């Protein structure tokens, strides 16, 4: 299903850390607020911590993602970070047939010539979680052949990853390598996005990892549960002409107006939603995340 046209959403992302002893202080950086991109406008966005943070600063990180720094020195056993945003999305779906004027190798050569050298290196060379080993290159070679029309090849890559891998929560972790994923043949959206990025880079095409949210619908006859949505991840590939095409191998299609972009980088290590340092004597802790992506009526 492809959804186009203007849509408005409220996104609420709540992260809750609970400790079995007092948390003395914590220092966190979060990429929890949607970014302004073509086809997406941020109406409002705020991040609130409980207990309240003594220091809150915002900036754009190296990749232009909105970043918030939270510093809390109030002793507590539970830290809650809640991000609430309202966005409007009107994202047209690219026509892959238009890209067939280029072959994969011709597009790679053109991008190497026309792209800023630093940006080209960042998104074409290996990164911490996207190693371009023999297994990745072999998998990519089967679908991204140098002489294949570019649009056809990109569409085939999305379809093949969706077909070859089973979605299975808990089958992988952030430490799972692409070589291990290719053996397991199962994983989650983060894994499939990393694999798509790796294959595109192996073919010489700059590719980035995108994090955000996707509007979902409950099973027929059931109400949508609060907090039951999740963050999502997909890939984007640079194409000649200076644009990027976002593709979602988890769901076997290109992105549309249901997708909300939060951040992008070389891989997940650049766009983790929340990370930081804590000072505590606690022996154990727990983490829960609740996400809601709720459609809103459009203003008149």
- [ ] Just one of (1) in contact with a helix residue (DSSP H, G or I) (Cβ under 7 Å, 6 or more places away or on another chain); (2) free of Cβ contacts under 8 Å to residues at least 40 places away in the same chain; (3) closer than 28 Å to residue 109 by Cα trips up residue 241, so point out which.
- [x] (1)
TODO: Output the residues belonging to segment 170-183 that are modelled with pLDDT under 95 and in contact with a strand residue (DSSP E or B) (Cβ under 9 Å, 6 or more places away or on another chain).
DONE: 171, 172, 176
Task: Condition check for residue 37: more than 20 Å from residue 269 (Cβ to Cβ) and touching a residue at least 60 places away in the same chain (Cβ under 8 Å) - done: yes
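Residue by residue, here is whether (1) closer than 22 Å to residue 271 by Cα; (2) in a loop (DSSP other than H, G, I, E, B) holds:
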{"site": "136", "(1), (2)": "no, no"}
{"site": "145", "(1), (2)": "no, yes"}
{"site": "160", "(1), (2)": "no, no"}
{"site": "171", "(1), (2)": "yes, yes"}
{"site": "182", "(1), (2)": "no, no"}
Open item on the list: For segment 70-92, check the following and say yes or no: at least one residue is at pLDDT below 95, in contact with a helix residue (DSSP H, G or I) (Cβ under 9 Å, 6 or more places away or on another chain) and under 30 Å from residue 299 (Cβ atoms).
Closed with: no
TODO: Using the structure shown, decide if residue 186 is out of contact with any helix residue (DSSP H, G or I) (no Cβ under 8 Å at 6 or more places or on another chain), modelled with pLDDT of 95 or more, surrounded by fewer than 21 Cβ atoms within 10 Å (Cβ to Cβ) and not assigned by TED's automatic domain parsing to the domain that holds residue 34.
DONE: yes
Task: Only listed residue being within 30 Å of residue 283 (Cβ to Cβ), under 18 Å from the mean Cα position of the chain (by Cα) and crowded, with 16+ Cβ neighbours inside 10 Å, chosen from 39, 30 - done: 30
Open item on the list: Could you check segment 111-131 and list, in sequence order, the residues that are within 13 Å of residue 206 (Cα to Cα) and assigned to a loop (DSSP other than H, G, I, E, B)?
Closed with: 115, 116, 125, 126
Open item on the list: Give me the residue from segment 113-134 that is buried (at least 17 other Cβ atoms within 10 Å of the Cβ) and farther than 16 Å from residue 264 by Cα and, out of that set, farthest from the chain's Cα centre (by Cα).
Closed with: 115
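The values are calculated or read from the model by the stated rules, or taken from the named source; none is laboratory data. Bear in mind that the values here come from a model prediction, so they are computed numbers and not experimental data. So basically every Cβ, Gly included, is an ideal-geometry build from the backbone, and we count neighbours across all protein chains shown.
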